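The values are calculated or read from the model by the stated rules, or taken from the named source; none is laboratory data. Note that the structure is a prediction, hence the values are computed from the model and not measured. Glycine also receives a Cβ, built like all others from the backbone with ideal geometry; neighbour counts cover every protein chain displayed. SASA here: full protein model, heavy atoms, side chains in, ligands and nucleic acids out. Shrake-Rupley method; radii C 1.70, N 1.55, O 1.52, S 1.80 Å.
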There are 2 protein chains.
Amino acid sequence: MDDSVDRHIARWRGKAPFDERVEAIVTRMQFLVKHLAQAKDSALAAVGLQDFEYETLHWLGARGEGGRATPSELAAELRVSPAGMTGRLDTLEKAGLVRRVRSTEDRRRVDVELTSEGRAIWLKAMDLRGEVEDAMVGVLGPDDQDVLAALLKRMLLRVENPGQA
Amino acid sequence: MDDSVDRHIARWRGKAPFDERVEAIVTRMQFLVKHLAQAKDSALAAVGLQDFEYETLHWLGARGEGGRATPSELAAELRVSPAGMTGRLDTLEKAGLVRRVRSTEDRRRVDVELTSEGRAIWLKAMDLRGEVEDAMVGVLGPDDQDVLAALLKRMLLRVENPGQA
DNA sequence: GACGAAAGCTTCGCTGGCGAAATACCTTTC
DNA sequence: GAAAGGTATTTCGCCAGCGAAGCTTTCGTC
């Protein structure tokens, strides 16, 4: 059975020079990610959260109980510009899910931490998000998932360490 | 060697219930796609194109010499809202890369086609984009690429045919 | 100990995308 | 043959993100 990317590629096979394998991989990843964002947005509406808000809470929550991180750390981890992270934190803070604390040792810095309400909503949202992701990734058995994760990791390592092999 | 996603997951292993495999896959795909968009944007600057413009030209070009498609077809294929596609076509048309032709049989419809200039720029841009994508996907050998493409395809098929197994 | 460079975050102006409403056209029905 | 309903596209108001400029605080150097 063909997916939309198969059809796309077949349509102009021979009409232009390019690598079909690479095209297929890249385009499919783009579509899957886009689908995820849209599906998660509608699922997360149940707790009044948007994808980008959940994502931010999620990485903050990963920091443990205290759940602290500086905006620039989060921006780097989430591949967002510093300005973009300021905006995200603004809305989260206004919603009372996150708190900004000026660091006392280095007063240029700001620490961000989850409020208890933020943590609660994050935990609730995790279930919803999990269902959407499972629905997509779940077509693959555990072994295939491991293979996929490993292949993606090799590409991400390259991207994160541009110098090296 | 660990990538940022390994570190992320390790950081809160045991702190919350979730599927590590799924998390790793989803997060890596998101980062890779984000990286691609940013890297392609800077590469494509050489021909004065942005990622979304290239993407649109690309699917139009795939339609063959005539290169025609309606906005709604393109919107569906590229996972963009109809309103978003109108915006894309506006900028492309203003740049002279694309032409809108009102259909004569059904005057509700509009056909979009590449101008010759649009086709020329698309071909130039394809090389640049290819380099960026190859740099990422190229870490994998041909066999691994096939494996990856097949796994992604299984997920995309599920997404495109929600009813079925 | 003072001054210039750098670090960390925010503000500002702009852009692409979304959903909802509006517009234009076609088709079916009575 | 006029009204009702459906389809294709655009317009409108809004939002998150980006890059560049700006502000405050700290560091390095003499």
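Judged by the gyration tensor of its Cα atoms, with axes a ≥ b ≥ c, segment B:85-165 is oblate; a/c meets the 1.5 cut and b/c is at least as large as a/b. Computed extension gain for residue B:16 through residue B:41, at 0.36 nm per residue and net of the alpha carbon distance, reaches 5.3 nm.
Using only side-chain charges placed at the Cβ, +1 for Lys and Arg and -1 for Asp and Glu, the dipole size of segment A:86-160 relative to its Cα centre rounds to 600 debye.
For chain B, the longest principal axis of the C-alpha atoms and the axis of helix B:116-137 are separated by about 10°. Rounded to the nearest 10 degrees, the angle from helix A:20-44 to the longest Cα principal axis of chain A is 40 degrees.
Each label point was placed 7 Å from the Cα along the Cα-to-Cβ direction; for residue A:50 and residue B:83 their separation is 1.3 nm. Legend: calculated FRET efficiency, residue A:100 to residue A:135, from the Cβ-Cβ distance at R0 = 22 Å, rounded to 0.05, equals 0.05. Ignoring ligands, DNA and RNA, what accessible area per residue does segment A:4-131 give at 1.4 Å, in Å²? Ligands and nucleic acids excluded, the figure is 46 Å² per residue.
Enter the buried accessible area of the B/A pair, total of both sides, probe 1.4 Å, in Å² rounded to the nearest 100.
Summing both chains' loss of accessible area gives about 7000 Å².
Annotation for segment A:6-54: trypsin sites (Lys or Arg not before Pro) lying in DSSP loop with at most 11 further Cβ atoms inside 10 Å of their Cβ are A:13. Each part reduced to its alpha carbon centroid, segment A:62-88 and segment B:130-165 end up 30 Å apart. Loop-located trypsin sites (Lys or Arg not before Pro) in segment A:103-165 (DSSP state other than H, G, I, E, B) with a sparse environment of at most 10 neighbouring Cβ atoms within 10 Å: A:107, A:108. Rounded to whole numbers, the Karplus 3J(HN,Hα) couplings from phi for segment A:86-96 are 4, x, 4, 5, 4, 5, 5, 5, 4, 7, x Hz, using 6.51 cos²θ - 1.76 cosθ + 1.60 with θ = phi - 60°, and x at Gly and Pro. The charge dipole of chain A, taken about its Cα centre with unit charges on the Cβ atoms of Lys, Arg (+1), Asp and Glu (-1) only, comes to about 620 debye. The eigenvalues of the Cα gyration tensor, multiplied by 5 and square-rooted, give segment B:4-131 an equivalent ellipsoid with semi-axes of 37, 19, 10 Å from largest to smallest.
In the protein assembly as shown, the inverse of the mean reciprocal separation of distinct Cα atoms equals 21.5 Å; this is its Kirkwood hydrodynamic radius. Counting protein heavy atoms only, segment A:4-131 has 51 percent of its accessible area on carbon and sulfur, 1.4 angstrom probe.
Which longest uninterrupted range of chain B lacks any GluC sites (Glu not before Pro) assigned by DSSP to a loop state (not H, G, I, E or B) and surrounded by at most 12 other Cβ atoms within 10 Å? Result for the longest clean stretch: B:1-64. If each DSSP helix of 4+ residues adds -39,500 (n - 2.57) and the sum is divided by the residues in the protein assembly as shown, what number results at 222 nm, nearest 500 deg cm²/dmol? Calculated from helices alone, the mean residue ellipticity at 222 nm is -21000 deg cm²/dmol. First check a/c for segment B:124-165, with a ≥ b ≥ c the square roots of the eigenvalues of its C-alpha gyration tensor; if it is under 1.5, answer rounded, and if not, answer prolate when a/b is larger than b/c or oblate otherwise. The shape class here is oblate. If you bin every alpha carbon distance in segment A:1-71 into 5 Å steps from zero, what whole percent lands in each bin? Values per bin, smallest distances first: 3, 13, 16, 14, 11, 11, 10, 9, 7, 4, 1, 0. Our summary gives chain B a relative contact order of 19 percent, counting only alpha carbon pairs under 8 angstrom and 6 or more residues apart.
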